[in-house]
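Everything on this sheet refers to the single structure shown next.
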Amino acid sequence: MVAARESKAASGSAQQVDVAVVGAGFAGLYLPHRLRKAGLTVVALEEAGDVGGTWYWNRYPGARCDIQTIDYSYTFDPELETAWTWSEKYATQPEILRYLGFVADRYDLRRDIRFKTKVTEATWDEANGRWHLATDNGAPVSCRYYIMATGCLSAPKPPEIDGVKDFTGAVYFTGRWPHDGVNLAGKRVAVIGTGSSGIQSIPLIAQQAEHLTVFQRTPNFALPAHNGPAPSDRMSLLQGDRAAYREQARRSMAGVPYPQQMAVSWQLSDAERRARFEEAWGKGDLVYILTQLWADQGVDVDGNALICELIREKIGTIVKDPETAAALMPHDHPFGAKRPCLDTNYYATYNRPNVTLVNLRQEPVKAITPSGITTGKRSFDVDVIVFATGFDAMTGAIRAVHPITGRDGKSLSGVWAQGPQTYLGLTVAGFPNFFMITGPGSPSVLSNMAVSIEQHVDWVVDRLAALRDAGFTTIEATETAQAGWGRHMADCATLTLHRLANTWYTGANVPGKVRALMPYTGGVGPYRSICDEVVSRGMLGFKLT
Ligand code: FAD
Ligand code: N01
């Protein structure tokens, strides 16, 4: 294999490689490993100073995964699996970052990664059948294949509140937390946002701050993580037959090996439902509670409402002040239609004397002022504002490379003006040799991302190797296949309750973003079968030249 850097020197200004990968998170690390093994030259371009992606940027207090770490791991190399032992059921951000660094070292991945290098534009060069990538640091890149592993939750969303620049105190974003940490002792702190990042960080910020004021627009469902060692029943299953355990995850609905639940809510008595719920609440497992209570919980409003009521009841028993408890109880979306959270002491934190909840549904934020935050009713003087306000999810990082220009001068933002159009969430018609890992239209954020990332990377790299071996140089989705995938996506979505929630899954969290349910809701296993069938039927829906 010709080293990527050597070919750069030989060919003048642009770095010449077979494949350019953007990103060095879970996806952008596995890609170079697989691509090298397939005999392709590769460079990965990463804006951050090191590997890790999500786990490089999100260093806020309490940051952890919410899929059990034994499941949220690479599975491509059995030796890697036994070379690393997780210390907890849900590992912390530093531990996951260490793991990704360990993987980078083990497979010597950093030598093909250019850090502190942002891809700013991408243009398909029709005459030469290559992509040209402009960067903000160092040589541009010329590649035959352009793969965006830019992450679904990597473009932080601006807070859209007037006056942030006027605030004289300190401002932090959970998704861009300082590497040296932040000392909040003795400070009056505001947290805006009660999604997963807010719900993980609020209990720890409350322990440090003199006073914490939480500004909540929409309450979210949160379940106790009951963190600790990996549960022995799951460990025995994994260690009993690792290959079978991993294969079951790949064929499951959410990328975690749980069986399909068959009993529906109305077949169970109140007592049986409550017993199932209590067992799930005690387990501290998001995927378990989302999939194992009763089969109609994700597709039927009544089946779902039963769970919502049981969770609200729990909130009422934990939070002592009835007004605060009521404000924390979600009523505006079905459980699971918005990403639920796993927490450690989240609700109990509101029993602390130094914590105040401000319900923005009753008193919206009017502005941020030099000294703090003003709502419709009051002003709060604070020293620090933490924005846990989320991401321009799924399309934000892709569209931030602007323009991405495909065949005939077509721009991706033009093609996506009415929402993302893709074939399989992997490719876009009119953009030859362009791939997205966990792009809109794939199960991605509705699954254990580690499983979905490996599936995408394996599928793409296997295709590139097969194309090369068969003498083809370009691959492109057809418009017909893309339209068909869009219809299939819509059909699957109709069966779910996602339409009943305003969430980042649908773009509703970003003002002006076109509303469309972006992830594929048909499940990880069925999706994998479809991708495999595309191949077995002669690359159905693709044009190869
Ligand atoms: P990322 O990890 O987001 O990496 C993308 C990289 O691309 C980033 O480093 C970014 O800097 C880089 N990049 C983007 N644009 C450019 C550009 N133009 N030029 C150069 N570089 C660029 N998923 C789960 O399944 N389970 C979990 O428990 C879980 N926990 C999470 C916790 C948090 C706090 C967050 C935010 C997300 C979590 N996720 C979880 C989702 C998580 O994003 C994925 O699991 C996974 O880490 C994504 O890996 P990735 O490589 O696809 O993207
Ligand atoms: O972002 P979010 P997040 N004024 O969009 C509020 C993964 N993740 O970073 O709901 C006032 O969920 C917004 O309110 P509303 C996981 O997939 C996982 O927390 O729009 N409030 C909401 O409360 C997760 O789902 C973990 O009304 C404003 C919050 O900010 C995804 O990443 C940990 C506002 C944003 O919540 C995103 O999570 C962290 C405004 N102008 C992240 N703008 C794990 O636990 C926004 N909000 C593994």
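The values are calculated or read from the model by the stated rules, or taken from the named source; none is laboratory data. The shown structure was predicted, so the numbers you read here are calculated from the model rather than taken from an experiment. Counting neighbours? That spans all protein chains shown, and the Cβs are built from the backbone with ideal geometry, glycine included.
Just a few scattered comments:
- Checking each residue in segment 295-304 for being among the acidic types (Asp, Glu) and not in a helix (DSSP H, G or I) picks out Asp296, Asp300.
- Search result, residues across segment 408-445 that are among the small types (Gly, Ala, Ser) and either part of a strand (DSSP E or B) or modelled with pLDDT under 95 (or both): Ser411, Ser442
- So Gly151, is it in a loop (DSSP other than H, G, I, E, B) and either over 30 Å from Phe26 (Cα atoms) or modelled with pLDDT of 95 or more (or both): yes
- Members of segment 21-59 found to be among the hydrophobic types (A, V, I, L, M, F, W, C) and within 16 Å of ligand 2 (Cβ to nearest atom), listed by number: Phe26, Ala27, Trp55, Trp57
- Listed by first and then second residue, the pairs linking a residue in segment 46-73 that is under 27 Å from Arg111 (Cβ atoms) and acidic (Asp, Glu) to a residue that is more than 6 Å from ligand 1 (Cβ to nearest atom) and outside any loop (DSSP other than H, G, I, E, B), with Cβ atoms under 6 Å apart and 6 or more places separating them unless they lie on different chains, are Glu46/Ile113.
- Criterion: under 25 Å from Thr85 (Cα atoms), touching a residue at least 24 places away in the same chain (Cβ under 8 Å) and either in contact with a strand residue (DSSP E or B) (Cβ under 9 Å, 6 or more places away or on another chain) or assigned to a helix (DSSP H, G or I) (or both) - qualifying residue of Leu238, Leu290: Leu238
- The set of residues from segment 54-86 being in contact with a Gly (Cβ under 6 Å, 6 or more places away or on another chain) and more than 20 Å from Thr344 (Cα to Cα) comprises Thr54, Trp57.
Yes or no, residue by residue, for (1) within 22 Å of Tyr30 (Cα to Cα); (2) among the β-branched types (Val, Ile, Thr); (3) away from ligand 2 (no atom under 16 Å from the Cβ):
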| site | (1), (2), (3) |
| --- | --- |
| Val445 | yes, yes, no |
| Val451 | yes, yes, no |
| Val457 | yes, yes, yes |
| Val461 | yes, yes, yes |
| Leu467 | yes, no, yes |
| Ala470 | no, no, yes |
| Ala481 | no, no, yes |
| Gly484 | no, no, yes |
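- Residue match in segment 446-457 (condition: touching a residue at least 60 places away in the same chain (Cβ under 8 Å), part of a loop (DSSP other than H, G, I, E, B), of a type outside the set (S, T, N, Q) and crowded, with 19+ Cβ neighbours inside 10 Å): no
- Close pairs (9 angstrom Cβ cut-off, 6 or more residues apart or separate chains): buried (at least 19 other Cβ atoms within 10 Å of the Cβ) in segment 519-545, part of a strand (DSSP E or B) and among the charged types (D, E, K, R) anywhere: Phe542/Glu476
- Scanning segment 165-201 for residues that are within 15 Å of ligand 2 (Cβ to nearest atom) and part of a strand (DSSP E or B) yields Val171, Tyr172, Phe173, Ala190, Val191, Ile192.
- Looking across Gly376, Gly406, one residue alone is farther than 23 Å from Leu212 by Cβ, more than 21 Å from the chain's Cα centre (by Cα) and away from ligand 1 (no atom under 15 Å from the Cβ). It is Gly406.
- Any hit, segment 493-509, residues being in contact with a strand residue (DSSP E or B) (Cβ under 7 Å, 6 or more places away or on another chain), assigned to a helix (DSSP H, G or I) and away from ligand 2 (no atom under 14 Å from the Cβ): no
- Count of segment 346-374 residues, restricted to those that are surrounded by fewer than 19 Cβ atoms within 10 Å (Cβ to Cβ) and within 14 Å of ligand 2 (Cβ to nearest atom), is 9.
- Filtering segment 421-446 to residues that are touching a Ser or Thr at 6+ places or on another chain (Cβ under 6 Å) and at positive phi leaves Gly425, Asn433, Thr438, Gly441, Ser444.
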